[in-house]
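Remarks on the structure that follows.
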Amino acid sequence: MASKRKRAAVDGGKKPKLELALDSEKQAEFEEKVKEIKAKAVNGSREGRGVIYLKHIPHGFYEPQMKRFFSQFGTVTRLRLSRSKKSGNSKGFAYIEFEFEEVAKVVAETMNNYLMYHKLLKCEFIPKERIWPDLFKGCNRMFKKPIAHKLALERHNSLAKNPERMEKSRKKLIRKQKRTKNRLRAMGIDWEFDGYSDPEADSKTDDTAEAKPEQAKESDEATPPKKMKKDNKESSPPKKTKKDSETDKKAVPLRRQRKTTKN
């Protein structure tokens, strides 16, 4: 409180001005326009409420800051900052409604291409034809960060504590897996993939696997072993034919053939 009083004494009891324009001439023009609008409001001339569309909103410039900033132009009746339903983060655009249409037009003109936190704001006046009834739906509610993901985690982790729900969810997943396999077979795709195990199906496969070796043993006992015949042909060397002898003669080296001709 003491610091506020000291500031008021230094400033002469007046509120500090917020300079919106970079040039002093534009700032003076803007202040004159605001004075004219306020004078018209006092005299009773009112053209209806005006809405503006604001985009490229920087991070940290949320509902309280926006209402405080734009209230210096005129009274802000409604304000809605678009947010994500899952995370609650700002999407970077908002709709602001002013009490008078002239104020909204002045704001759209002055705040367009205004540099704020390394971002260039884009402001546009919205005519009445483009305003739909649910534009400011839920604007008067206080923003609370969504906790749907936390509730989903708690719901999922609670399955481990409840065995009945765990069994129910497992059966549901197995039914879903069977449906997908049947759908693939109908399309002509015979593909077996590892998924959720079905205890009934596993027991059947184990029984069939145990039955197969027993059947094989019984068949081996029933059929006597066949006697193996000895092949004497493999032990004896192969006989040479006329063709083989002719090829052997052709394969003799030239020097040897010359010696034989000399002799």
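The values are calculated or read from the model by the stated rules, or taken from the named source; none is laboratory data. Remember, predicted model here, so these are calculated numbers, not experimental data. FYI the Cβ positions are ideal-geometry reconstructions off the backbone, even for glycines, and counts take in every protein chain you see. Heads up: the accessible areas ignore ligands, DNA and RNA and are worked out on the full protein's heavy atoms, side chains in. Shrake-Rupley method; radii C 1.70, N 1.55, O 1.52, S 1.80 Å.
Listed here are the residues, each with its yes/no results for (1) within 26 Å of LYS33 (Cα to Cα); (2) part of a strand (DSSP E or B).
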| residue | (1), (2) |
| --- | --- |
| ARG80 | yes, yes |
| LYS85 | no, no |
| GLY88 | no, no |
| LYS91 | no, yes |
| ALA94 | yes, yes |
| GLU97 | yes, yes |
| GLU102 | yes, no |
| ALA108 | yes, no |
| CYS123 | yes, yes |
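Beta carbons closer than 7 Å, at least 6 apart along the sequence or on distinct chains, pair a first residue in the stretch 76-87 that is modelled with pLDDT under 90 with a second that is open to solvent by less than 40 Å² (accessible area, probe 1.4 Å) and not polar (S, T, N, Q) for LYS85/PRO146; LYS86/PRO146. Restricting the search to the stretch 25-61, which residues are open to solvent by less than 100 Å² (accessible area, probe 1.4 Å), part of a helix (DSSP H, G or I) and modelled with pLDDT of 70 or more? Passing the criteria: GLN27, ALA28, PHE30, GLU31, LYS33, VAL34. Selection of the stretch 122-152 for residues being open to solvent by 70 Å² or more (accessible area, probe 1.4 Å) and at pLDDT below 85 yields ASN140, ARG141, MET142, PHE143, LYS144, LYS145, ILE147, HIS149, LYS150, LEU151.
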